[in-house]
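Below is one structure, written out as structure tokens; comments come after it.
The values are calculated or read from the model by the stated rules, or taken from the named source; none is laboratory data. Keep in mind that this is a model prediction, so the values were computed, not measured. Here Cβ is always computed from backbone atoms with ideal geometry, including for glycine, and neighbour counts include all displayed protein chains. Surface areas here come from the heavy atoms of the whole protein model, side chains and all, with no ligands, DNA or RNA. Shrake-Rupley method; radii C 1.70, N 1.55, O 1.52, S 1.80 Å.
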Amino acid sequence: MSAVVEGFAGEIVGPEDPGYDAASRTVLVGGSPAYVLRPASVEDVRKAVGYAAGSGLPLAVRGGGHAFPGFGTNDGGVVIDLVNLAGIEIVDKDKHVVRIGGGATWGQVAAALAPHGLAISSGDTRSVGVGGLTLTGGIGWKVRKYGLALDSLVAVEVVTANADVVRASADENQELFWAIRGGGGNFGIVTAFEFAAHPTTDIHFGKVVFAANEIAEVLPRWAEYLRTAPAELTSIASFANPFLGGPEAPLEIQVAYDGDDAELAAQAIDPIRALGTVLADDVTLTPYAEVLVDGAVPPPGIQFVTRSAFVDKDSVPEVLRILAAAGTSQGAPIIAVRSVGGAVAQVADDATAYAHRQAELMFVTMTVGPPPVIEATRPAREQLWDTLSPHVSGAYANFLSEAGDADVAAVYPATTYERLAAVKREYDPENVFAGNHNVRPA
């Protein structure tokens, strides 16, 4: 099999090989690629990209494999799986700069940094890849204090479409560095990320639970409080969980206070506890690495339909009213509303290709089930989003199960897209890296 890609020293898995069934699919989506290439080095990545570009076969790049649209696989094409490029090394102890391989997961990173008392603001799932999350954002449990995962980036190493290895940072290939931070996998394969980590302590983490009949009252007051809450506090409000009763499911407000001072944590979290009748409260001091959860692997035949949008301050009351009504109605999708703002909004709108800096909230709707359930709930989902559309904007690429033109336009406003398309023209004029929320070369 190694003859498929001349000089390739990594692993090549084809349809006739043991392990192909697992190698061919991502966490959420099945595929039938011609070859899955697992590079053992950056040189292998170069050879794999050259092979894919020269063969004309579709190319998919896999980090953690959690993308809802299944970007990490395809049918009949080449998959470059970075799983063996997962090294994690502190390269500058004074500045806490950490070099992370493009195939690492956030659980690996959190575990590696914990003994050093360091962390990087990331997502909230251990098995999610560093690459996929970072290249399109990174909204997690430290987002209001330290910003998006991509806001901690100081440099990247990228293998471009013509198999060159390029470094991009604030000082080198600045326009590529701008585009990488939000533009997804459009410009090449990031084989290494360099992040500025921050010193961390244990954090106060858990959930405060309210009854479903209090959602309409508690939800807007929660959002209003987050406007003035300390930046150390990040929170997610979730409801309509079908495993907890669907429209009768409680409102779970998860909180993460980034600090180990019990008194300061109570001052930040107590106003949330006072929003309604607390049914449960399990907030406790927890190591940051243990806050990340394991990603769910669905049984065969189960699909996810996920959609997201951003909400600005003026639209918050109406959007939350619509979501509360939907979440307590039959056939509701799972709804999760995330507080952003804070450090995210303190970065200039045009500083990175992530274009939704001023949003106050980001919310997600998710329907999970076999195809008949997905189809049966389609009218209700479409009705909900039709009602929401005048009051919301954009989309968060990491919570989208579709990747059509309308989805790309939601992720990238017109001015951002035009600038990205110019960078795409320079680094990937033939659109070799099309397996993503695709920006076409200008």
Tabulated pairs, region 91-115, first over 20 Å from G63 (Cα atoms) and aliphatic (A, V, I, L, M), second open to solvent by less than 40 Å² (accessible area, probe 1.4 Å) and assigned to a helix (DSSP H, G or I), C-beta under 9 angstrom, 6+ apart or interchain: A114/Y288; A114/A289
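Among the residues of region 353-375, what is the count of those that are touching a strand residue (DSSP E or B) at 6+ places or on another chain (Cβ under 9 Å) and in contact (Cβ under 8 Å) with a residue 12 or more places away in the chain?
Let us first name the residues in region 353-375 that are touching a strand residue (DSSP E or B) at 6+ places or on another chain (Cβ under 9 Å), namely 356, 358-371, 373-374.
Subset that is in contact (Cβ under 8 Å) with a residue 12 or more places away in the chain: 356, 358-371, 374.
Result for region 353-375: 16.
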Search result, residues across region 91-132 that are touching a His at 6+ places or on another chain (Cβ under 8 Å), open to solvent by 20 Å² or more (accessible area, probe 1.4 Å) and of a type in the set (A, V, I, L, M, F, W, C): V128
In region 193-202, residue farthest from the chain's Cα centre (by Cα) [restricted to those that are surrounded by fewer than 24 Cβ atoms within 10 Å (Cβ to Cβ) and assigned to a strand (DSSP E or B)]: P199
Residue that is nearest to G184 (Cα to Cα) [pool: residues in region 340-354 that are buried (at least 20 other Cβ atoms within 10 Å of the Cβ) and among the hydrophobic types (A, V, I, L, M, F, W, C)]: A353
Qualifying position, being in a helix (DSSP H, G or I), hydrophobic (A, V, I, L, M, F, W, C) and within 27 Å of the chain's Cα centre (by Cα), among A23, A40, A67: A23
Test: residue in region 417-432 that is open to solvent by 30 Å² or more (accessible area, probe 1.4 Å), of a type outside the set (K, R) and under 27 Å from R144 (Cα atoms): yes
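Which ones in region 388-411 are in a loop (DSSP other than H, G, I, E, B) and touching a Gly at 6+ places or on another chain (Cβ under 8 Å)? Walk me through it before giving the result.
Step one: list which residues in region 388-411 are in a loop (DSSP other than H, G, I, E, B), which gives 392, 394-396, 400-404.
Result: Y396, single match.
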Hey, V208 among the β-branched types (V, I, T), under 30 Å from P247 (Cα atoms), in contact (Cβ under 8 Å) with a residue 60 or more places away in the chain and buried (at least 22 other Cβ atoms within 10 Å of the Cβ) or not: yes
Residue ID - nearest to S122 (Cα to Cα), chosen from residues in region 316-339 that are open to solvent by less than 20 Å² (accessible area, probe 1.4 Å) and either in contact with a His (Cβ under 8 Å, 6 or more places away or on another chain) or without any contact (Cβ under 8 Å) to a residue 12 or more places away in the chain (or both): V319
Strands (runs of 3 or more DSSP E) lying entirely in region 264-380 (those with 3 or more residues that are closer than 24 Å to N398 by Cβ and assigned by the TED database to the domain that holds A216): 303-311, 334-339, 361-369
Residue list for region 378-409, filter: buried (at least 19 other Cβ atoms within 10 Å of the Cβ) and polar (S, T, N, Q): N398, S401
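Run down I302, I335 and say which single residue is of a type in the set (V, I, T) and in contact with a helix residue (DSSP H, G or I) (Cβ under 8 Å, 6 or more places away or on another chain).
Working: I302 fails: in contact with a helix residue (DSSP H, G or I) (Cβ under 8 Å, 6 or more places away or on another chain).
After ruling out the rest, the residue left standing is I335.
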Residue match in region 164-186 (condition: part of a loop (DSSP other than H, G, I, E, B), under 20 Å from the mean Cα position of the chain (by Cα) and among the aromatic types (F, W, Y)): no
Set D258, D282: member being open to solvent by less than 30 Å² (accessible area, probe 1.4 Å), of a type in the set (D, E, K, R) and touching a residue at least 24 places away in the same chain (Cβ under 8 Å): D258
